[in-house]
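Written below as structure tokens is the structure these notes are about.
The values are calculated or read from the model by the stated rules, or taken from the named source; none is laboratory data. None of the values given here were measured: they were computed from a predicted structure. Ideal geometry is used to build each Cβ from the backbone, glycine not excepted, and the neighbour counts take in all protein chains shown.
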Amino acid sequence: MDHEKVNILLVDDQPAKLLAYEVILKDLGENLVIASSGREALEVLLKTEIAVILVDVCMPELDGFELAAMIREHPRFQKTAMIFISAIQVSDIDRLRGYEMGAVDYVPVPVVPEVLRAKIKVFAELYRKTRELERLNRELEDRVRARTAELENSTAKLRESEQRRSMAIAAGKMGSWDWDWISGDWMWDEGQYRIFGVSPESFEVNPANVQALLHPDDVDQLRKAIAEFNRGTRAYETEFRIMRPDGEVRWCVGTAAATVDDSGRVVRVSGVTVDITERKRAEERQNLLAREVDHRAKNALALAQSIVRLTRADEVKAYVNAVEGRINALARVHTILSLSSWQGAELSRLIDEELAPYSLGGQIVLAGPEVQLLPTTAQTLALALHELFTNSAKYGALSTRSGRLTIGWQVEEQLLTLSWEESGGPLVMPPKSRGFGTRSLLASVESQLGGQARFDWRAEGLLCRLEVPLTRKTGATAPSGKFEDAGSAELQRASG
């Protein structure tokens, strides 16, 4: 065809659809420019004159409506024809929204090739005619400019102002800038000032001041970008950090494009800055959560492994019951900790959870203040309480209706003292062997928590006292007296 080709920008995140549009429109004989995302489309617009934009409404990150709004923010593209393609039923409200964003037409899916070609051809011809009129107008302006120096200067300033305008300002997260490579002058829009935490009234934009706001570890990124443009690079993108005057560190991604003269020399660099701090923080939280989950899973598996390895029983059924009971106790305390986001657990809640499987009426008396336990302390005491309740229900005061159990606790100087006193049950005799309960109490309460576990095997019922620091400490030693060290006996009884 005997006419100057124009550029038609096709924007869609699906390669198959872009290929289909190319096939449909290739007979028009125009230049088809491809962009697979909204950001890529913005980069193309910075460097290329576009006659018509064909954009998909539904795209990730930046949908068609948002892209249209950002394009219309720039004076160069306020009259650029935009046609929306929608694969969903478009309501009147959606159409109004699209027209408000600057769309000139809608094309539904499935696309009718003849209709799409006709629409594109109309707007391409309109653009061509408009460009012809613009060229004639520029020729007229050149003649007037030769006669009127004041008008020439005014027109040049207007063009420079238009080039320096922000490409997009979206909720303070984006900003645009322009750097005159020859004179060294900088121009920032409102969004750029906002991202850097400075104001146009108090901040002079120059290389030294800009570099002072960059994170020291990322200053080399600026030097690298300058070197790349000097070597002929036309576009550059990088992530970097800034340090606002108030001390806050923000993450940004910057995209820059160079403008060259007829000799290929860089004369101007323009770019867009996007604040990605929230995304970076979300990634850090996700990584921290993954490490925390891994750590807690390993701890839980280690406890479960110890339970399985140390549990002893003469019969398989007894062994299975013992292991299941201890694993369930561990699961219950994990549930409590999960509900508190692993901040801790109330001691009374741990006791209530262990009491739940038993129907004991008024056999148990609880007395003590509200005590918040650290996660590690809660896990340890949950297993200890499970052993005490299990053995009491099998051999001690809770094995008979006449038995009584009193659990009391108090806190003095960050030391938790819990007493377990049984009475009214079968005759108690000191145990002859050490089992899982005793070994776990000794290893966890004394070695891990720096506390003490002591037992008095009275004939009328077991008296046990646990002393646990609410803050981590080590080096605790068991006192002498009628209380027997927890490592010397198993939590069992023999009825007489």
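On inspection, Val6 does not qualify as without any contact (Cβ under 8 Å) to a residue 40 or more places away in the chain and touching a helix residue (DSSP H, G or I) at 6+ places or on another chain (Cβ under 9 Å). Here Val274, Val219, Val198 are screened, and the one residue that is in contact with a strand residue (DSSP E or B) (Cβ under 7 Å, 6 or more places away or on another chain) and not polar (S, T, N, Q) is Val274.
Scanning the range 351-390 for residues being within 18 Å of Arg401 (Cα to Cα) and part of a helix (DSSP H, G or I) gives a total of 4.
Suppose the filter is without any contact (Cβ under 8 Å) to a residue 12 or more places away in the chain and outside any loop (DSSP other than H, G, I, E, B); does Ala20 pass it? No; evaluated as a whole, the condition is false for this residue.
If only residues of the range 192-235 that are touching a residue at least 40 places away in the same chain (Cβ under 8 Å) and touching an Asp or Glu at 6+ places or on another chain (Cβ under 9 Å) are counted, the one that is nearest to Arg250 (Cα to Cα) is Ile195. Residues that are of a type in the set (Lys, Arg), more than 11 Å from Val52 (Cα to Cα) and touching a residue at least 12 places away in the same chain (Cβ under 8 Å) within the range 103-135 comprise Arg117, Arg131, listed in sequence order.
When the range 353-392 is filtered for residues that are at pLDDT 85 or above and surrounded by fewer than 16 Cβ atoms within 10 Å (Cβ to Cβ), the ones remaining, listed by number, are Val365, Leu366, Ala367, Pro369, Glu370, Gln372. Scoring Ile34 on the criteria (1) closer than 20 Å to Thr255 by Cβ; (2) in a loop (DSSP other than H, G, I, E, B) leaves a single failure, condition (2).
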